[in-house]
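What follows is one structure encoded as C-alpha cells, with my remarks underneath.
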Amino acid sequence: MRLLVDSCVSSRVAEQLVTLAHDVEWVGDWQADPGDEEVLRNAHRTDRILVTIDKGFGQRAILRGEPHSGMIRLVDIATANQA
C-alpha cells in the first residue's frame, strides 16, 4: 500500500508501516511542512493514502470536495512530538 504519513504522526508509526512492507513517505522528512492543502494535494498527485491525526483533512475532502486518494485518521496515537 502506498501511504503518505502526516508530520503530526510519529515517525515510529511510519517506520512500523515500512516494516510491514508498505511504501511509506513521511511528511516529517520533507524540508518544510507545506501545510494541509499541499499535503493533501501531494498525496493525491502521488496516489498515496494519507495517514493523519488531523480532523481537518476529512473536512477538506468531504465538506470542500478536495480530491484525495483516501485517508486513514488515527485516534489516540503518538504525535510526532512524542517520537
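Overall size of the stretch 1-48 from C-alpha positions, given as principal axis extents largest first: 28, 20, 14 Å. With the cut-off at under 18 Å, measuring from each backbone N in the stretch 58-75 to a point 7 Å along the Cα-to-Cβ line of R41 picks out 58-62, 64-70.
Mind checking the full-extension length gain between A32 and D76? Use 0.36 nm per residue of separation minus the Cα-Cα distance, one decimal, nm.
That pair, A32 and D76, stretches by 13.3 nm at full extension.
Kindly identify the chain as rounded, prolate or oblate by the Cα gyration tensor criterion: order the square roots of the eigenvalues as a ≥ b ≥ c, call it rounded if a/c is under 1.5, otherwise compare a/b with b/c, prolate if a/b is larger, else oblate. It is prolate, given that a/c is not under 1.5 and a/b is the larger ratio.
The mean accessible area for residues of the chain, using a 1.4 Å probe and ignoring ligands and nucleic acids, is 60 Å² per residue. Using a probe radius of 1.4 angstrom, the carbon and sulfur fraction of the accessible surface of the stretch 4-46 is 50%.
Helix 36-45 and the longest principal axis of the C-alpha atoms of the chain enclose an angle of approximately 90°. Here is the list for the chain: chymotrypsin sites (Phe, Trp or Tyr not before Pro) lying in DSSP coil, each with at most 15 other C-beta atoms within 10 angstrom of its C-beta, are W30.
What's the FRET efficiency of E66 with R12 using the Cβ-Cβ distance as r and R₀ = 35 Å, to the nearest 0.05?
E between E66 and R12, to the nearest 0.05, is 0.75.
Between R48, R64, R12, the GNM of the chain built on Cα springs shorter than 10 angstrom shows R64 fluctuating the most.
The values are calculated or read from the model by the stated rules, or taken from the named source; none is laboratory data. What you see is a predicted model, and the numbers here were worked out from it, not measured in a lab. Every residue, glycine among them, receives a Cβ derived from its backbone with ideal geometry; neighbour counts consider all protein chains shown. To get the accessible areas, we keep the full protein, side chains included, count just its heavy atoms, and leave off ligands, DNA and RNA. Shrake-Rupley method; radii C 1.70, N 1.55, O 1.52, S 1.80 Å.
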